[in-house]
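J.: Quick one: the structure is below, and I'll ask about it shortly.
The values are calculated or read from the model by the stated rules, or taken from the named source; none is laboratory data. What you see is a predicted model, and the numbers here were worked out from it, not measured in a lab. No Cβ is skipped: glycine too gets one built from the backbone with ideal geometry, and neighbour counts run over all protein chains shown. Side chains are part of the model used for accessible areas, which takes the heavy atoms of the whole protein and leaves out ligands, DNA and RNA. Shrake-Rupley method; radii C 1.70, N 1.55, O 1.52, S 1.80 Å.
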Amino acid sequence: HESTDSQCPKMPPPGPRGWGAATLASSTSKGANAAPPSAAPSPYVVVVSEKTHARWPTVVAALVEKHTAATVSAGPEGLDPQATAAALRRFHPRHVAFVAHWSECGREYVCNVHRTARSLDPSHPFSDVQWGVVTGHDEATARAMAAEAAPLAIRRVVSGSVEGVDLRAFHSGFAVSELDQGVGARKEAARTADGADAAAGIEVAVPPDATQLLREEIESPATDMIVTSGHARESEWNLGFRFPGGQFRPGPTGELRAFGVGQAIGPDAIHPDTVDVSTSVASNSNSTRASAKTPAAAAEAPEAAEAVQAIEAERLARAEGTEVKATGKPKVYSAAGNCLMGHVNSEHCMALAWFRSCDVRQMVGYTVPTWFGFAGWGVHRYLWGNVGSLDFSSSYFANQQALELRLVQLTRAVETAQATLAGAPEDPATEEADGTTSVAAAGAKQLLSEAVFELRGLNFDREAIVFFGDPAWEARMVPTETESGAPFYTIDNSETPTAEGVQVEVRVTTLRDGCWTAVSADDKTTLPGRPPFAFRDPPGELGAAAVNVGMGGGSTVSLGEGLVVTPLFVIVPLEGPFGPGEIITRAAVLPNG
């Protein structure tokens, strides 16, 4: 699906108050919009409507008990960002769970969650809480998502896209290509038998119809993470992007089912001219059952009767698909490359089926047809760009803040380009002898064209992606301790009281060759590909922030070229390639109230 207009409700300009880039280029603020004194401080708050609370009381109870959480009503008319943000300010929470019955948490709801998170502190345009939407096909599924407590150590990944997963970051994994039929990749350990770095594993051949093989890998108790890409809608996911592949879609009771080649439905399905039933056998073995392509061919084999029966049984089963069976092993799921996988438009949608059948406890997915990709694929840049430093929830949060930072930077770049063009002479005859003005104008036009396109994409992505699950549940990758999976940098931040306020100092140390800048919005390979990010621990006060987006020019609050400090996190605006051993220091002063 390719679309150029977000299907979310109309979004405001960058920042919750339409922040201008000139203001954000270098600013500190505190005081007037600070949160009122908290009557009952709570680091975790559950936001829930009266309707959902009445339907799913045990879901709310599970979160309240697990986190000693406070609760806030979402209001009778739906989630109102300003009213909800005002209620949350009283608690100054670090995490917020938005518990919503599946009938409530569609695209508009997700947009309003984003706006709520950005509205707690008007002194800056970033989010001040980590959030997640907790929902399910039924109360039991939503409760399982809410109650999950034991941390998940992510070692093994299963992916429907070789192109969309970096096996170097994982101890083991399996992937099938969405672009090239019959191509896959497999990695069974971080190191080979002789102790060498297994890196990205090896390319392997997979059956032309790898649907059931992928289903088995997803069901495996060893699987910790699932990654998908390719054509999808709320009602189905197609394995082949440009070839006839299988399909996953919800069954009649909301369970997830796998359908082989020839059984795909929907406008994105690619149908083969002929269907070879042997390619979808669950075992993918070399048995007579696997090699007999038709009942007639099977009849010539010694085990003719058994082979025919097996083929007919499979033909019947394929009409209903094969149910993906939950094993009880919690997983996280990134649908970074799929359209609409995160959009809950009915009780029979893909997101709810993943939760119900695959024990998915946290998920990232688009609620709209995706075409830009920054908000989706960027989550991986933080998750495995510095393996183990941020968990899945934090990686999603960090990437959203990187998106906000980029919005601010580009808004200022557009203003600068427009100012340059405004000062250029309309008549070429008045051009300076050395052509300086025309060169500057040409550069400004090019920059303006590129920046406007990127701004369009970032604004599209800004509220288009949803995080499902308890945002405080920890699902963290385990470093492989290999050369190919080594971290790219460390980031440390310290805070020192001064006469003027609190000085926040951030130190970034690079450890190996890398690049801060992704080559495109949907870049899947550049690492780390995003600016350094870290949480403040403990968080600071609402109403106190220092924002310098690193676009040049002097600053009274930053001792370096760029630093963003909010009550919850710090992010350092760095760009371009780097080598090992570089040390970058930034500092800012948050003034006293």
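J.: Would you mind calculating the gained length between Thr71 and Val204 on full extension (0.36 nm times residue separation, minus the Cα-Cα distance), in nm to one decimal?
T.: Roughly 42.8 nm would be gained on extension.
J.: Moving on. Between Met341 and residues 5 or more places away or on another chain, which pairs have amide H atoms under 5 Å apart, with H built 1.01 Å from N, and which residues are they?
T.: Distant-sequence amide H within range of Met341: Tyr366.
J.: Take the residue pairs Lys187/Lys325; Lys66/Lys187; Lys51/Lys329; Lys331/Lys524 and return only those whose Cα atoms are more than 26 Å apart.
T.: Lys66/Lys187; Lys51/Lys329
J.: What residues qualify as long-range amide H neighbours of Leu152, i.e. H under 5 Å apart, gap of 5 or more or another chain, H built at 1.01 Å from N?
T.: Glu474, Ala475, Arg476
J.: A follow-up question, please. For a quick check of understanding: with a 1.4 angstrom probe and all protein chains in place, what accessible area in square angstrom does His67 have, to the nearest ten?
T.: 40
J.: Determine the order of Asp268, Asp80, Asp461 by accessible area, beginning with the largest, at a probe radius of 1.4 Å. The partial results should precede the final answer.
T.: On the way: Asp268 30, Asp80 75, Asp461 0 Å².
Of Asp268, Asp80, Asp461, the descending order of accessible area is Asp80, Asp268, Asp461.
J.: Around Ser346, what is the net charge, scoring Lys/Arg as +1 and Asp/Glu as -1 over all other residues with Cβ under 12 Å from its Cβ?
T.: Its environment carries a net charge of -1.
J.: Not counting ligands, DNA or RNA, and with a 1.4 Å probe, what is Lys51's accessible surface area in Å² rounded to the nearest 10?
T.: 120
J.: In terms of modelled amide H atoms, which long-range or inter-chain residues lie less than 5 Å from the amide H of Ile465?
T.: Thr367
J.: Over segment 38-173, calculate the relative contact order: mean separation of alpha carbon pairs under 8 Å at least 6 apart, over the residue count, as a percent.
T.: Rounded, it is 26 percent for segment 38-173.
J.: Could you give me the ³J(HN,Hα) list for segment 564-580, computed from phi with Karplus coefficients 6.51, -1.76, 1.60 and θ = phi - 60°, whole Hz, x at Gly and Pro?
T.: Once rounded to whole Hz, the list reads 10, 10, 10, x, 9, 8, 10, 9, 10, x, 10, 9, x, x, 8, x, x.
J.: I need to check one value: relative contact order of segment 143-256, counting alpha carbon pairs closer than 8 Å and at least 6 residues apart, in percent.
T.: 25 percent.
J.: Distance from a point 7 Å along Cα→Cβ of Arg512 to each backbone N in segment 449-484: keep the residues under 13 Å and list them by number.
T.: In segment 449-484, the label zone of Arg512 (backbone N under 13 Å from the point 7 Å along Cα→Cβ) covers 479-484.
J.: Let me ask something additional. Under the Karplus relation 6.51 cos²θ - 1.76 cosθ + 1.60, θ = phi - 60°, what is the ordered set of whole-Hz ³J(HN,Hα) values for segment 480-490, x standing for Gly and Pro?
T.: 7, 6, 10, 5, 6, x, 5, x, 8, 6, 10
J.: May I ask you to rank Thr58, Thr223 by accessible area, largest first, using a 1.4 Å probe over the protein chains only?
T.: Thr58, Thr223
J.: Follow-up question, since we're still on this one. For Ile584, Ile218, write out the residues from largest to smallest accessible area, computed with a 1.4 angstrom probe and no ligands counted.
T.: So the residues, ranked largest to smallest area, are Ile584, Ile218.
J.: For an R0 of 45 angstrom, estimate the FRET efficiency from the Cβ-Cβ distance between Lys445 and Ala196 and round to the nearest 0.05.
T.: E(calc), rounded to 0.05, equals 0.30.
J.: Moving on. Can you send over the solvent-accessible area of Trp473, 1.4 Å probe, protein chains only, in Å² to the nearest 10?
T.: Here the accessible area works out near 10 Å².
J.: Where the centre of each part is set by its Cα atoms, how far does segment 462-528 sit from segment 199-230, in angstrom?
T.: 28
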